[in-house]
Amino acid sequence: MKCPFCGHIDDKVIDSRAGKDNEVIRRRRECLGCERRFTSYERVDEVLPMVIKKDNSREPFDRDKIMRGLDTALKKRPVDVATRENVVNTIERQIIATGHKEIPSSQIGEELMNCLRDIDKVAFVRFASVYREFEDVTEFMDELRTLLRAK
């Protein structure tokens, strides 16, 4: 592991702990060059599917892209970072569990909307208004009525 401070490549592990969900290992390290300490995180590198976009182009699955969409929908909303991370982890696990080599982006969007519906209604409406590309106010109001009936 390369030291983020001095660039030295030798270090020693001081402490290792499993993350809350046991999917990440946190390692506290000490550089053998400058003796400064830093933390690294290890995660199993899953074989993730390609995402088929609306225009039929393909790109590798990117959990950071889901997190950015989630953060945009939840901007200025009272939802903590741990909850956001759990949503992304849940979606990623569901996608891996399918075992498919390719997955449509629409499936990811629907999963994200389902999660948002459960954690924050305002964020759900924000995301749905962009994701579903409503043509007019009537379509938007229909979605709001559906959401209100589900209460």
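The values are calculated or read from the model by the stated rules, or taken from the named source; none is laboratory data. This is a predicted model, so every value here is computed, not measured. Here the Cβ is made from the backbone with ideal geometry for all residues, glycine too, and neighbour counts use every protein chain on show.
Matching residues to (1) at pLDDT below 90; (2) over 30 Å from Lys2 (Cβ atoms); (3) outside the structural domain of Ser129 (by TED's automatic domain parsing):
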{"site": "Arg29", "(1), (2), (3)": "no, no, yes"}
{"site": "Glu59", "(1), (2), (3)": "no, no, no"}
{"site": "Ile66", "(1), (2), (3)": "no, no, no"}
{"site": "Leu70", "(1), (2), (3)": "no, yes, no"}
{"site": "Ala82", "(1), (2), (3)": "yes, no, no"}
{"site": "Val87", "(1), (2), (3)": "no, yes, no"}
{"site": "Ile91", "(1), (2), (3)": "no, yes, no"}
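This table checks each residue for (1) more than 24 Å from the chain's Cα centre (by Cα); (2) within 30 Å of Lys101 (Cβ to Cβ).
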site: Ile14; (1), (2): yes, no
site: Arg27; (1), (2): no, no
site: Arg37; (1), (2): yes, no
site: Val47; (1), (2): no, yes
site: Val51; (1), (2): no, yes
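What helices (runs of 4 or more DSSP H), lying completely within region 62-144, carry at least 2 residues that are of a type in the set (S, T, N, Q) and surrounded by fewer than 17 Cβ atoms within 10 Å (Cβ to Cβ)?
Of the helices (runs of 4 or more DSSP H) lying wholly inside region 62-144, those with at least 2 residues that are of a type in the set (S, T, N, Q) and surrounded by fewer than 17 Cβ atoms within 10 Å (Cβ to Cβ) span 81-98, 105-119.
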